[in-house]
Amino acid sequence: ENEGEDCSICLSTIFQGNLMAILPCSHRFHEQCVLRWLNQSRACPYCRSRIS
Ligand SMILES: [Zn+2]
Ligand SMILES: [Zn+2]
């Protein structure tokens, strides 16, 4: 089964039921983490691909 994965921004697990955001590169993070991150950077925190 899907045990969830870690959010590379806050390094904690993304549980089912958490609000999550999926970037165009298909990496997933908590929605709240991505929103905070995108204020500072326009690149995926995991693979650094640019988000337009
Ligand atoms: Zn997070
Ligand atoms: Zn990525």
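The values are calculated or read from the model by the stated rules, or taken from the named source; none is laboratory data. Keep in mind that this is a model prediction, so the values were computed, not measured. Using ideal geometry, Cβ is built from the backbone for each residue, glycine included, and neighbour counts are taken over all protein chains shown.
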Residue list for region 33-52, filter: in a loop (DSSP other than H, G, I, E, B) and either over 20 Å from Leu19 (Cα atoms) or more than 10 Å from ligand 1 (Cβ to nearest atom) (or both): Asn39, Gln40, Ser41, Arg42, Cys44, Tyr46, Cys47, Arg48, Ser49, Ile51, Ser52
Positions within region 1-32 being more than 10 Å from ligand 1 (Cβ to nearest atom) and assigned to a strand (DSSP E or B), in sequence order: Glu5, Ile22
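Conditions (1) at pLDDT 95 or above; (2) acidic (Asp, Glu); (3) in contact with a strand residue (DSSP E or B) (Cβ under 8 Å, 6 or more places away or on another chain), marked per residue:
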{"position": "Asn18", "(1), (2), (3)": "no, no, yes"}
{"position": "His30", "(1), (2), (3)": "yes, no, yes"}
{"position": "Val34", "(1), (2), (3)": "yes, no, yes"}
{"position": "Arg48", "(1), (2), (3)": "yes, no, no"}
Every pair of residues 6+ apart whose Cβ atoms lie under 6 Å, when the first sits in region 12-37 and is in contact (Cβ under 8 Å) with a residue 24 or more places away in the chain while the second is away from ligand 2 (no atom under 14 Å from the Cβ): Cys33/Cys10
